[in-house]
1. So which residue, out of 70, 110, 88, gets the largest mean-square fluctuation from a GNM of the chain using Cα contacts under 10 Å as springs?
2. Please rank 29, 120, fewest neighbouring Cβ atoms within 10 Å first, as an exposure proxy.
3. From the list [x] 11, 32, 31, 17, 7, 2; [y] 10, 30, 23, 21, 13, 3, 0; [z] 12, 44, 28, 12, 3, 0, can you say which value of P(r) over Cα pairs in 10 Å bins from 0, in percent was derived from the structure given?
4. Just rank 113, 24, 97, fewest to most, by other beta-carbon atoms within 10 angstrom.
5. Please report the spacing between the Cα centers of the stretch 82-96 and the stretch 1-52 in Å, no decimals.
6. I need the calculated FRET efficiency for the pair residue 26 and residue 46, taking r as the beta carbon distance and R₀ as 35 Å, to the nearest 0.05.
7. Starting from the Cα of residue 69, move 7 Å in the Cα-to-Cβ direction to define the label point; list residues of the stretch 2-32 whose amide nitrogen is under 13 Å from there.
8. Divide by every residue of the chain the summed helix terms, -39500 (n - 2.57) for each DSSP H run of at least 4, and state the resulting mean residue ellipticity at 222 nm, rounded to the nearest 500 deg cm²/dmol.
């Protein structure tokens with residue numbers, strides 16, 4: 001199984017809802033680290049799992065959408081607590097819709113909100 005990964009970092013804000021989360025209930029920033037991992041058993045005719053330029057462009061576009069924004073204000077978080085768990089699922093599903101490669105079998109997104117806390121979501125594609 002081949003795995004290709006691309007990583008980006010950005011700052012975004014949020015505040016948690018639905019419980020007493022202490023300081024997390026108030027608007028604050030995180031310096032997020034986002035990594036996408038693409039998996040597949042076969043390479044294409046050029047010896048690539050996927051076009052890395054396409055992956056980078058889609059990831060850059062998605063990061064630009066979140067950079068310097070408050071997650072709570074974005075439509076994809078409507079009615080959701082903007083946890084990193086929800087964040088990973090949303091990003092993973094969005095990238096799965098955008099990245100086109102017939103040989104991919106899975107896509108995973110990991111987001112760190114600091115040096116010690118991260119969440120991951122993995123989507124099987126076929």
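1. 70
2. Placing the least packed residue first, the sequence is 29, 120.
3. Evaluating P(r) over Cα pairs in 10 Å bins from 0, in percent on these atoms matches [z].
4. Fewest-to-most ranking of 113, 24, 97: 97, 24, 113.
5. 8
6. Result of the calculation: an efficiency of 0.10.
7. Answer for this model: 11-14.
8. About -8000 deg cm²/dmol.
The numbers here are math on the coordinates, done by the rules we state, and not lab data. Keep in mind that what you see is a predicted model, and the values were worked out from it rather than measured. Quick reminder, even Gly has a Cβ in these numbers, built from the backbone with ideal geometry, and neighbours come from all protein chains shown.
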